[in-house]
Amino acid sequence: MVTPRSAPASARPSTPSDRLWSSVVGGDVAFLLARANARSLARANVALAEYDLKVRSYSVLAMAADGSRPTQRELSEFLRLDPSQIVSLVDDLESRGLARREPDPNDRRANVVVATERGRDLHQRARIAAQAAEEDSFRSLDESDRDRLTALLRAIATDPAE
């Protein structure tokens, strides 16, 4: 078990809740990841609202638009969402004419999700907004720190022991 550390004073924001940053939670990695994630998601959702998308629907559309041809099961596993949530997300994209289900040529029992031309166009425009939100979320990090953070998060996210 890892013992949480309090955040160093230099890493704590100057706010009325400074005393909370010096608590055990202020140095807990899981808490910091969750807080950073919440802040990042909030910014991304605001940026994607113009396109009537949220991070989850954008993620499905992005994978459908990049030619990955994911199955709904793959989307569920990759995005760590319940299969019923994926069905709802794909249903919504499909009803808006942004994506469609096609039979998987490798498994006729499964469907792959592909973007329509309209979906690919919307994805290209929304991607710019999503990238701007990401830039804003991580503006306090220089490029090498962002690259290192990405590598560290990928290592945690792809842990084969899970």
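Looking across segment 65-92 at every residue that is of a type outside the set (D, E, K, R), over 15 Å from the mean Cα position of the chain (by Cα) and closer than 14 Å to Asp104 by Cβ, the one that is surrounded by the fewest Cβ atoms within 10 Å (Cβ to Cβ) is identified as Ser68. Within segment 119-131, how many residues turn out to be among the polar types (S, T, N, Q) and open to solvent by 100 Å² or more (accessible area, probe 1.4 Å)? Selection size over segment 119-131: 1.
The set of residues from segment 55-72 being assigned to a helix (DSSP H, G or I) and either in contact with a Pro (Cβ under 7 Å, 6 or more places away or on another chain) or small (Gly, Ala, Ser) (or both) comprises Ser57, Ser59, Ala62, Met63, Ala64, Ala65, Gln72.
Within segment 13-53, restricting attention to residues that are part of a loop (DSSP other than H, G, I, E, B) and open to solvent by 70 Å² or more (accessible area, probe 1.4 Å), the residue that is modelled with the highest pLDDT is Asp52.
Considering segment 114-162 alone, what residues qualify as being over 19 Å from Tyr51 (Cα atoms) and among the small types (Gly, Ala, Ser)?
Step one: filter segment 114-162 for residues over 19 Å from Tyr51 (Cα atoms), giving 137-162.
If the condition is that a residue be over 19 Å from Tyr51 (Cα atoms) and among the small types (Gly, Ala, Ser), then Ser137, Ser140, Ser144, Ala151, Ala155, Ala157, Ala161 are the ones that fit.
Being assigned to a loop (DSSP other than H, G, I, E, B) and in contact with a Ser or Thr (Cβ under 7 Å, 6 or more places away or on another chain) is a condition met by at least one residue of segment 96-104. Name the single residue that is farthest from the chain's Cα centre (by Cα) among those in segment 132-161 being surrounded by fewer than 11 Cβ atoms within 10 Å (Cβ to Cβ) and under 19 Å from Ala42 (Cα atoms). This residue is Ser140. Exactly one residue out of Leu75, Leu81, Leu141 is in contact (Cβ under 8 Å) with a residue 24 or more places away in the chain and outside any helix (DSSP H, G or I), and it is Leu81. Scoring Val113 on the criteria (1) farther than 27 Å from Pro160 by Cβ; (2) part of a strand (DSSP E or B) leaves a single failure, condition (1).
The values are calculated or read from the model by the stated rules, or taken from the named source; none is laboratory data. Quantities reported herein were computed from a predicted structural model and do not represent experimental measurements. Don't worry about glycine lacking a Cβ; one is built from the backbone with ideal geometry, like all the others, and counts go over all protein chains shown. We work out accessible area using only protein heavy atoms, side chains counted, and drop any ligands, DNA or RNA first. Shrake-Rupley method; radii C 1.70, N 1.55, O 1.52, S 1.80 Å.
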